[in-house]
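Chemist: I am attaching a structure below and will ask some questions about it afterwards.
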Amino acid sequence: MSTPFSSIKVPLVAILRGLTSSDAAHVGKVLFEAGFRLLEVPLNRPGAIDAIRILHDMMPPDAMVGGGTVMTLQDVDAIEDAKGRLIISPHCDPEVIAYSVKRGLVSMPGVATATEAFRALAAGAHGLKLFPADMVTPAAVKSLRSVIPAGVPLFPVGGIHAGNMAPYYAAGASGFGIGSQLYQPGVDLQALRTTADEFMAVRQKLLAQ
């Protein structure tokens, strides 16, 4: 399966926790214009499914949206019904992973150890969310990268900001999930645009290395 992890170098996933359907189009416009192509709306806040549907209907052809904090097969179905394709979890649940893959969706479960990583890959995961990044340090990423099959995307998530992306990337991170450092409910759209541009500027520096 072709995934954004293989077609985009150093992809950044915008984690939009608490995004409402009334704000989705405005926030999506800012992020898509800034260059973000992967948007995740965690399901543990009201209105997430409606927001996913709105983002899908307005996204550029090369973008992908989906849901986070995916805990059950029913969550997967709800995201698919909203036309989302990204299935992102904070944990490693082989049943959720295998079901997502069977549905033709892109699976990125959360892992923090080599055991969880290999269990996720055996279930068919397309990429690994290294979560929480406070536990999975750059040194840990380097160690995981030495045993994980080459080419498997590794995305540190949790506490990622513009100042700590470079050491993770140097250690072998493929991309990043960015949450509250980028978006919080009620954020001023101009402030969001400025922050989004800052993250994209860091990405460009990593690409230039």
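Chemist: Evaluated at 4 °C with a viscosity of 1.567 mPa s, what Stokes-Einstein diffusion coefficient in µm²/s does the stretch 115-168 have when Rh comes from the Kirkwood expression over alpha-carbon pairs? Can you show the working numbers first?
Modeler: Numbers: Rh = 11.6 Å.
Approximately 112 µm²/s, per Stokes-Einstein.
Chemist: Straight distance only, please: which aspartates and glutamates reach the Cα of residue 29 with their own Cα at less than 20 Å, same-chain residues fewer than 8 apart left out?
Modeler: Output for residue 29: 40, 50, 57, 62, 188, 197, 198.
Chemist: What relative contact order, as a whole-number percentage, does the chain give when Cα pairs under 8 Å and 6 or more residues apart are counted?
Modeler: RCO, the chain: 21 percent.
Chemist: For a distance above 16 Å, tell me the whole-number percent of Cα pairs in the stretch 7-76 that qualify.
Modeler: For the stretch 7-76, the share of Cα pairs beyond 16 Å comes to 41 percent.
Chemist: Moving to a separate point now. Around residue 79, under 11 Å between beta carbons, what's the net of Lys plus Arg minus Asp minus Glu among the other residues?
Modeler: Every neighbour counted, the sum reads -1.
Chemist: In addition: If the only charges are +1 at each Lys and Arg Cβ and -1 at each Asp and Glu Cβ, what is the size of the charge dipole of the chain around the Cα centre, to the nearest 20 debye?
Modeler: I would put it at about 540 debye.
Chemist: Counting every Cα pair in the chain, what percent are over 32 Å apart?
Modeler: Percent of Cα pairs beyond 32 Å in the chain: 9.
Chemist: Hey, can you rank 185-193, 100-108 by average C-beta count inside 10 Å, highest first?
Modeler: 100-108, 185-193
Chemist: Go through the stretch 118-124 residue by residue and turn each phi into a ³J(HN,Hα) via Karplus (6.51, -1.76, 1.60, θ = phi - 60°); whole Hz please, and just put x for glycine and proline.
Modeler: 5, 5, 5, 5, 5, 7, x
Chemist: Additional query: Measure out, as a whole number of angstrom, how far apart the alpha-carbon centroids of the stretch 11-62 and the stretch 137-209 sit.
Modeler: The two parts, judged by their Cα centres, are 18 Å apart.
Bear in mind these aren't lab numbers, they're just calculated from the coordinates by the rules spelled out. Keep in mind it's a predicted model, so treat the numbers as computed, not measured. For neighbour counting, all protein chains shown are included, and Cβ atoms are generated from backbone atoms with ideal geometry for every residue, glycine included.
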